[in-house]
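**Student:** Below is one structure. I have some questions about it.
What follows draws every value from the coordinates through simple rules; no lab data is involved. Just so it is clear, the structure is predicted and the values come from calculations on it, not from any experiment. Positions of Cβ are backbone-derived with ideal geometry, glycine not excepted, and every protein chain shown enters the neighbour counts.
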Amino acid sequence: MNTKSKRLTSIDALRGFDMLLIAGGGSFIYRFLENSGWSWADTVLKQMGHTKWNGFTF
């Protein structure tokens, strides 16, 4: 029987990328870009950082 799958490949790719980052791939990317010397890497690194925790604020 030849049935076409209704799964979206883009959703599967996004899930795989998320799991890579959760499993520690984010730190690898951060270290790589930190030492690459590329000017656009600073913008990417700023997006991967977390803000400092100051408790709940308005």
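**Student:** Within 10 Å, at most 11 other Cβ atoms, and a DSSP state outside H, G, I, E, B define an exposed site. Report the longest part of the chain free of exposed trypsin sites (Lys or Arg not before Pro). Before the final figure, lay out each step's value.
**Tutor:** Details: sites that count: 4, 6, 7, 52.
In short, 8-51.
**Student:** Between the helical axis of 9-20 and the dominant principal axis of the chain, each derived from Cα atoms, what acute angle in degrees is found, rounded to the nearest 10?
**Tutor:** With both axes taken from Cα atoms, the answer is about 40 degrees.
**Student:** Could you state, as a whole-number percent, how many of the C-alpha pairs of the chain are farther apart than 16 Å?
**Tutor:** Working: 1062 of 1653 pairs.
Of the Cα pairs, 64 percent sit more than 16 Å apart.
**Student:** Roughly how many debye, to the nearest 20, is the charge dipole of the chain about its Cα centre, given +1 on each Lys and Arg Cβ, -1 on each Asp and Glu Cβ, and no other charges?
**Tutor:** In total the dipole reaches around 280 debye.
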